[in-house]
Every structure is written in structure tokens, then in C-alpha cells.
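Okay, structure first, notes after.
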Amino acid sequence: MNQQARPRRSMRQLSQQEIDTVFQNLQVGRDEASGDADKPMALFDFRRPDRISKSQLRAIHLLHDNFVRSLVASLSAYLRSYLIVNLISVEQLSYAEFLEGLPSPTCMLSLSLKPYDGSAVLELNPALVFPILEILLGGTGKTPAQARREITEIEQSLLDGLFRIILNDLKEAWRVVTNIDFSIESMETEPQSLKILAPNEAVVAIGIEVRIGDRIGMMNIAMPSIVIKMMRQKFDQQWSVRKTESTELEQGRVLTLVEEASLGMEMRLQGGEIAVEELMSLKVGDVLSFDYSVRQPLECLINGKLKFRGQIVSNGSRKAFLIGSESVS
């Protein structure tokens with residue numbers, strides 16, 4: 001069976017100029033599609049994916065800011081020493097990077113996060129641990145020498161009370177989002193020995209600076225990002241409401257911070273007015289009329305603001321101010 005022969009297409013060789021024109025038009029089309037041809041490309045590290053949003057990270061920063069304020073009062077009372085505690089950083093890192101930033105040896109705790117699966121890390125620098133141990137043993141915590149050794153079992157037992165206070169304040173700080181029972185699972189002195197997470201697993205690292213006298217040390221906390229990501233709905237539902245409404249616990253903490261503040265108090269007897277000319281001409285023996293009833297209550301001002309009304313009374317050989325039954329709002 002004879003088949004009809006198909007017409008053969010003629011082919012020609014493109015010149016170099018025509019080839020360059022084709023590639024140039026193709027590149028222009030790609031640039032127009034992207035709309036940002038001059039923008040440099042950024043490398044994405046798939047080993048460190050962001051597991052939580054920036055808004056949730058900001059909420060965690062605010063949460064631990066409250067934790068720091070509470071910790072100042074708790075540790076100052078426990079150690080009977082003046083402390084300064086500052087929140088330094090809240091960031092996402094890999095677990096390997098977190099461990100690389102810790103000194104060796106140090107004091108590290110593995111913490112359970114019940115009812116959630118997973119473990120967190122609490123680390124206290126030697127620059128912070130040994131001054132605290134000295135204070136607990138009756139010293140001042142101002143020794144100039146900085147120890148470079150592991151803590152002993154006896155020293156670990158002395159720190160139990162300190163850890164209990166820290167974990168209790170941490171639990172109360174997280175209560176505004178969810179109930180987490182932070183409890184100690186184990187203690188290590190070498191960072192690389194605490195292998196509770198994979199090296200590439202993302203964690204939220206919280207850096208806190210503690211100053212005791214002239215000694216400064218760091219306290220670091222690492223929580224798995226995957227666990228915090230599971231709480232995203234709780235952050236959205238509870239934190240957004242609580243951040244505008246102070247709880248009784250938060251009010252109590254603020255009251256504790258301002259209890260030792262000083263206020264100025266003055267009692268005033270409001271009388272009549274006198275001209276400067278008459279004031280300048282006053283001499284011994286002149287009598288001034290205040291036009292003020294002796295039964296009228298005096299005003300008590302706190303920092304320049306009217307707060308109470310009352311009467312002048314005698315307290316032995318001294319004069320005193322008796323606050324009335326009703327305060328002035």
C-alpha cells in the first residue's frame with residue numbers, strides 16, 4: 001500500500017544574534033513575572049524551620065518578662081540579698097546552637113513539661129551558682145575568685161530550694177497561658193551530656209541576666225518549639241485577653257514592688273488670703289484672722305494630692321494627725 005509522502009519541512013541554522021535575542025527576551029519575561037529582578041535571593045536553611053510565629057514569640061517575651069519581675073522578689077527574700085534580674089533575649093535556635101553557647105562545666109537541669117510531651121532545659125552559669133552557694137552558707141557572695149569546677153552532690157542538695165523557687169515562679173508565669181508542671185528529671189554538668197533533644201530540633205531560648213552585688217551570671221531556659229507550637233490556640237484565646245486585664249496575682253506582684261516606695265505627706269490648714277504689702281508690714285504682736293473654724297477638718301495631701309481629712313491631736317508631748325473615717329477619692 002502506497003502512502004502519500006509528507007512534505008518535508010525546510011530547516012535553517014539560526015545566527016548567533018538571533019540566539020542571543022531569544023535568551024534576552026526569555027530573561028526579560030522572567031524578570032517581569034517576578035516583579036523584583038534586583039532583589040537578592042536569601043538562602044533557606046531547612047534544618048532550622050521556624051516553628052512558631054513572631055506574634056507568639058513576642059507573647060513569650062512578655063510572659064517571661066513577668067517571670068523575671070516575680071523572680072526578683074522571690075530570690076531577694078530567699079537569699080536575703082539585693083538582686084537585679086533582667087530579661088536579655090528570647091529567640092529561636094537549634095538545640096545544638098543553644099548548647100554551644102553554654103559554659104563548661106555548668107549546672108543544667110532537664111525539666112519535664114507535664115501534661116505535655118517533651119523536656120525543657122534550665123541552665124545556671126557557674127558565675128551565678130557559686131556566689132549563691134556562698135550566700136546560702138552564710139557568706140556575702142562577693143568572693144573575687146571564679147570557680148571553674150563541677151558542683152558537688154552536697155552543693156546540688158543545697159540548690160534544691162533555689163530550684164524550687166525558680167520553677168514555681170516559672171509555673172505561675174506560664175499559668176496565664178496553660179498549666180505546666182515543671183519538675184526536675186535529671187542534672188548534668190556538661191552541656192553535651194544532656195541529649196534530650198535532637199541537635200537540629202528548634203528551641204525557644206530565653207536568656208536572663210542575674211546580678212548579685214558585683215557578680216553577674218546568666219540563667220538560660222530552652223523549650224522545644226514544637227511543644228510551644230501546640231499551645232498556639234491557647235495563646236490566641238487566653239493571652240490576648242489576659243494581656244489587657246491584670247489578674248489578682250499580677251496586682252499582688254506590683255503591690256510587692258511598690259510597698260517600699262516613699263511618699264510625701266503634709267497636713268494643711270487652709271486660711272484666708274493676705275496681700276504681699278500687708279505681709280511685709282507685719283511685726284511682733286500683730287494678730288492674723290484666718291476665718292477658719294477650729295472644728296473644720298484639716299486636709300492631708302499625699303504627694304501633693306488630697307487623700308484624707310482629719311484633725312490635729314496630741315500624742316503625748318507630740319502633735320499628730322488623726323485621719324477621718326472617710327477617705328477622699
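The values are calculated or read from the model by the stated rules, or taken from the named source; none is laboratory data. Everything numeric in this text was worked out from a predicted model, so none of it was measured. With ideal geometry, Cβ positions are generated from the backbone for all residues, glycine too; neighbour counts draw on all protein chains shown.
Just a few scattered comments:
- Residue tally, condition closer than 17 Å to Lys171 by Cα and modelled with pLDDT of 80 or more, over region 213-247: 9
- Selection over region 251-286 of residues that are out of contact with any Gly (no Cβ under 9 Å at 6 or more places or on another chain), in a loop (DSSP other than H, G, I, E, B) and closer than 27 Å to Lys307 by Cβ gives a count of 10.
- Some residue of region 184-196 being small (Gly, Ala, Ser) and buried (at least 19 other Cβ atoms within 10 Å of the Cβ): no
- Any strands (runs of 3 or more DSSP E) falling wholly within region 91-194 and containing at least 3 residues that are under 24 Å from His61 (Cβ atoms) and assigned by TED's automatic domain parsing to the domain that holds Asn66: 107-114, 119-124
- Flag if Val227 is outside any helix (DSSP H, G or I) and farther than 24 Å from Leu79 by Cα: no
Residues checked against (1) hydroxyl-bearing (Ser, Thr, Tyr); (2) modelled with pLDDT of 55 or more; (3) under 21 Å from the mean Cα position of the chain (by Cα):
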| residue | (1), (2), (3) |
| --- | --- |
| Gln4 | no, no, no |
| Arg12 | no, yes, no |
| Ile19 | no, yes, no |
| Asp45 | no, yes, no |
| Ile52 | no, yes, yes |
| Arg58 | no, yes, yes |
| Tyr78 | yes, yes, yes |
